[in-house]
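These notes are about the structure you will find just below.
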Ligand code: GCU
């Protein structure tokens with residue numbers, strides 16, 4: 001305001017704290033609501049989108065724009081909803097127009113929602129499956145709240161903000177890479193921006209089920225059910241597994257309840273992905289889940305699934321597509337899993353961030369074991385408490401979302417992070433948070449090599465169940481003798497998985513011997529790696545890096561041209577390289 005109390009039309013040009021008011025209201029894992037087959041109101045489809053390089057939307061309060069055409073404006077404005085491009089949601093703007101490919105900034109998505117109020121006491125939540133990286137939500141010009149983290153769902157209570165009739169829903173999504181974010185500003189995948197997973201509304205009763213889990217108890221002779229309500233009230237819930245003849249009341253005190261029932265369900269495994277229909281009921285609210293019951297544990301350097309030692313024949317996958325960007329459709333996910341099955345895999349590492357929830361749902365059905373992870377990748381700002389809070393929140397949101405997925409056996413808390421005191425505190429804190437949030441699964445990370453002693457040695461391993469080893473002997477380090485030396489020198493007391501190894505190959509580039517970027521060398525690379533890896537008893541699995549070539553702006557040789565070419569299949573997700581059949585044959589040898 002000026003001295004005369006008149007609104008200064010130019011104030012926004014001088015206010016560099018324009019984003020301050022939107023620090024409050026950021027929601028996280030505490031807002032998570034289990035979907036559990038509940039009916040949702042789908043808001044996907046055509047939205048108006050306007051790119052916003054300078055955060056003008058927050059500076060000039062674009063969220064206060066109404067639907068009036070410019071001819072009716074009293075003063076000029078720099079934003080007009082209808083002038084935005086019509087874009088599909090979910091989508092990544094980075095793949096919608098060539099001129100948007102490398103856009104890193106904010107984008108304003110707007111659509112209208114027709115609304116009719118429900119019964120007294122009804123609560124309505126907006127669910128956003130994922131938005132990379134930060135999102136702010138406005139309804140009818142009012143700021144509702146926001147979220148940080150580019151790959152996990154979040155929920156906002158819009159009960160009091162929806163009005164009967166037409167509502168204006170605006171979501172600002174901003175994908176700037178920053179040193180204090182998770183991941184930070186230097187990554188080896190494409191920084192897709194957008195509202196890129198499903199957007200919906202959820203109508204719930206005044207008191208509803210926020211979290212509902214069922215898993216085999218540690219002795220394997222009972223099923224532990226847990227329930228958490230939206231309110232700290234007392235009551236009685238009901239759990240049902242008809243195929244096991246189980247139905248029982250579950251007492252709830254202050255919004256929480258646990259019940260352990262003797263049961264001996266058929267065990268879930270990749271070979272026999274047996275799922276049961278499980279219902280959780282409280283009042284008028286019902287959650288239905290398809291759950292597989294299995295145990296996963298380590299014993300010495302062994303990994304035991306349902307008490308049996310397993311060897312993880314795996315491949316890493318990114319969410320990356322020439323047409324979809326980071327969007328994963330069911331067809332795209334099924335193609336990924338079909339290729340993994342043809343490769344002979346029983347395991348996938350979902351690099352380097354939480355993948356779409358449909359991946360674990362389909363892995364449950366088709367029988368794959370999964371390493372799911374958060375993007376604590378490379379040089380994270382480990383000394384920054386806000387960065388730790390962001391990483392921990394993404395982890396807790398991933399755990400809350402996929403807690404009932406039998407396929408998920410490992411929570412990965414980081415990848416290739418240099419050893420410092422701050423990093424150790426940060427990542428051991430994440431490992432403990434994972435274990436607290438979910439004691440039924442293993443915790444892993446891609447760990448470090450001690451280059452002096454040339455051993456697999458990383459202080460973080462004492463907080464882990466599984467030691468991940470990313471090694472590229474034969475690619476980034478020319479010969480394989482280093483791998484032999486490393487494996488011979490190391491004495492881990494827990495299972496090791498080769499969480500990454502691979503070599504680039506350009507399709508149809510051929511040659512004899514170690515000629516980089518040839519299909520022949522990529523193929524020979526896997527033969528040389530596999531022989532050495534499988535000779536070591538404490539190595540209990542391999543996640544080849546990786547299934548498909550993917551976009552990476554930091555890869556600019558003639559063979560790469562903006563792609564990381566370590567895929568066993570080209571970025572077209574159809575052209576197989578020689579190494580695909582080589583690894584398939586290696587995996588087909590009995591382990
Ligand atoms: C690293 C990293 C991957 C990367 C790969 C590579 O280990 O974890 O994200 O793409 O190596 O260099 O291709």
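Rule-based calculations on the coordinates, nothing more; no lab input. Computed from a predicted model, the values in this text were never measured in an experiment. Note that each Cβ is placed from the backbone with ideal geometry, even for glycine, and that neighbours are counted across all protein chains shown.
Assorted remarks:
- Beta-bridge orientation, the range 334-484: approximately 10 percent antiparallel, per DSSP, counting only bridges with both partners inside.
- Shape category assigned to the range 1-124 from the gyration tensor of Cα positions, a/c cut at 1.5: prolate
- Helix 330-343 vs. the chain, principal-axis angle (Cα, 0 to 90°, nearest 10): 0
- Gyration tensor verdict on the range 209-294 (Cα atoms; rounded if a/c is under 1.5, prolate if a/b is larger than b/c, oblate otherwise): prolate
- Each principal axis of the chain carries a Cα extent, and these read 79, 62, 44 Å when sorted largest first.
- Across the range 310-587, counting alpha-carbon atoms alone, Rg and Dmax equal 17.9, 52 Å.
- Packing here is the average count of other Cβ atoms within 10 Å per residue, and on that basis the peptides 157-168, 200-211, highest first, run 200-211, 157-168.
- Ascending count of other beta-carbon atoms within 10 Å, so fewest first, for 436, 184, 427: 436, 184, 427
- Antiparallel bridges, percent of DSSP beta bridges restricted to the chain (to nearest 5): 70
- Residues of the range 155-199 with amide N under 17 Å of a point placed 7 Å along Cα→Cβ from residue 44: 194-199
- Helix 385-402 and the long axis of the chain differ in direction by around 80°, with both axes built from C-alpha atoms.
- Highest average packing first - 504-517, 14-27, 122-135, Cβ atoms within 10 Å: 122-135, 504-517, 14-27
- Spatially, the range 141-190 and the range 343-397 are offset by 19 Å when compared through their Cα centroids.
- DSSP bridge orientation in the range 1-112 - percent antiparallel, rounded to nearest 5: 100
- The angle between the Cα long axis of helix 519-533 and the main principal axis of the chain comes to about 70°, on a 0 to 90 degree scale.
- Net lengthening on full extension, residue 432/residue 222 (0.36 nm per residue, minus Cα-Cα): 73.1 nm
- Residues 392, 573, 326 in ascending order of nearby Cβ atoms (within 10 Å, fewest first): 573, 392, 326.
- Neighbour-count order for 12, 339, fewest beta carbons within 10 angstrom listed first: 12, 339
- The range 436-591: C-alpha gyration tensor shape, a/c 1.5 cut-off, then a/b vs b/c: prolate
- Here the simple spin-label model places points 7 Å from the Cα toward Cβ, and for residue 514 and residue 248 these points are separated by 6.0 nm.
- Once the chain from residue 452 to residue 178 is taken as fully extended at 0.36 nm per residue, the excess over their C-alpha distance is 95.4 nm.
- MRE, 222 nm, helices only [DSSP H, n ≥ 4, -39500 (n - 2.57), over the chain, to nearest 500]: -5000 deg cm²/dmol
- Order by protection proxy (mean Cβ within 10 Å, highest first), peptides 251-260, 188-197: 188-197, 251-260
- The length gained on full extension between residue 160 and residue 61, counted as 0.36 nm times the residue separation minus their Cα-Cα distance, comes to 33.5 nm.
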